[in-house]
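What follows is a single structure, written as structure tokens, with notes after it.
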Amino acid sequence: MVYNAYMFKKFVLKKLLGSKLKAAGVPDSQLDMILELVEKNPTFFQKIQNEVEAKKKQGIGEQAAMMTVMREHQAELQKIMSGK
């Protein structure tokens, strides 16, 4: 039962995040890598999402908010991507 819940959660995440990333022009090869990073580091990416949402509420566009937040967390993101 736990396995099924995990698989369902993974499926939903892949569909939701995948559709957004594909709309942004992210290639399929990078899509799998990004989904894996999000699955392994959900707390970090939830923090990113919360900060982006806060900036959007301040009137900043979604893309500008995302770029700003990602720059602020660049060192952490590089560490996660290198697997350290």
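Glu62 passes every criterion in (1) within 12 Å of the chain's Cα centre (by Cα); (2) charged (D, E, K, R); (3) at pLDDT 80 or above apart from (1). Can Lys79 be described as modelled with pLDDT of 90 or more, among the basic types (Lys, Arg), under 12 Å from the mean Cα position of the chain (by Cα) and assigned to a helix (DSSP H, G or I)? Against the criterion (modelled with pLDDT of 90 or more, among the basic types (Lys, Arg), under 12 Å from the mean Cα position of the chain (by Cα) and assigned to a helix (DSSP H, G or I)), Lys79 does not qualify. Which condition does Phe44 not pass, out of (1) part of a helix (DSSP H, G or I); (2) surrounded by 15 or more Cβ atoms within 10 Å (Cβ to Cβ); (3) at pLDDT below 85, if it passes all the others? It is condition (3) that Phe44 fails.
Okay, residues lined up against (1) surrounded by 12 or more Cβ atoms within 10 Å (Cβ to Cβ); (2) at pLDDT below 95; (3) under 25 Å from Lys10 (Cβ atoms):
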site	(1), (2), (3)
Pro27	no, yes, yes
Glu36	no, yes, yes
Ile48	yes, yes, yes
Val52	yes, yes, yes
Lys57	no, no, no
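Restricting segment 65-75 to residues that are under 17 Å from Leu37 (Cβ atoms) and assigned to a helix (DSSP H, G or I) leaves a set whose member that is modelled with the lowest pLDDT is Met66.
The values are calculated or read from the model by the stated rules, or taken from the named source; none is laboratory data. Since the structure is predicted, the reported quantities are computational estimates derived from the model, not experimental observations. Cβ coordinates were reconstructed from backbone atoms using ideal geometry, including for glycine residues, and neighbour counts include every protein chain displayed.
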